[in-house]
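Take a look at the structure below.
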């Protein structure tokens, strides 16, 4: 499990990969829980929190990019 600081230090591409991997892991945990194979259900909670942490940071970055674009306006290259 990564701390918020570790996730914040990830570049965008690595963060996207981290989100995809965490989603796969969480799916596996939910599947194991549904079939009765999961013994440590605390992993479900930790996985959900990890995914939420990463998605929150990704959303913050996206909002920051949108805010910067709105302040700068469209570049001349796009015209």
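The values are calculated or read from the model by the stated rules, or taken from the named source; none is laboratory data. Given the structure is predicted, the values throughout are model-derived calculations rather than measurements. FYI the Cβ positions are ideal-geometry reconstructions off the backbone, even for glycines, and counts take in every protein chain you see.
Brief remarks on what is shown
- Selected residue (criterion: farthest from residue 42 (Cα to Cα)) from residues of region 15-30 that are surrounded by fewer than 14 Cβ atoms within 10 Å (Cβ to Cβ), without any contact (Cβ under 8 Å) to a residue 40 or more places away in the chain and under 10 Å from the mean Cα position of the chain (by Cα): 17
- Any hit, region 7-29, residues being under 18 Å from residue 58 (Cα atoms), in contact with a helix residue (DSSP H, G or I) (Cβ under 7 Å, 6 or more places away or on another chain) and not in a helix (DSSP H, G or I): yes
- Residues within region 44-57 that are surrounded by 13 or more Cβ atoms within 10 Å (Cβ to Cβ) and either farther than 19 Å from residue 4 by Cα or within 13 Å of the chain's Cα centre (by Cα) (or both), tallied: 8
- Residue list for region 31-43, restricted to those being modelled with pLDDT of 95 or more and either surrounded by 14 or more Cβ atoms within 10 Å (Cβ to Cβ) or touching a helix residue (DSSP H, G or I) at 6+ places or on another chain (Cβ under 7 Å) (or both): 32, 33
- Residue in region 58-79 that is in a helix (DSSP H, G or I), surrounded by 14 or more Cβ atoms within 10 Å (Cβ to Cβ), at pLDDT 95 or above and more than 21 Å from the chain's Cα centre (by Cα) present: no
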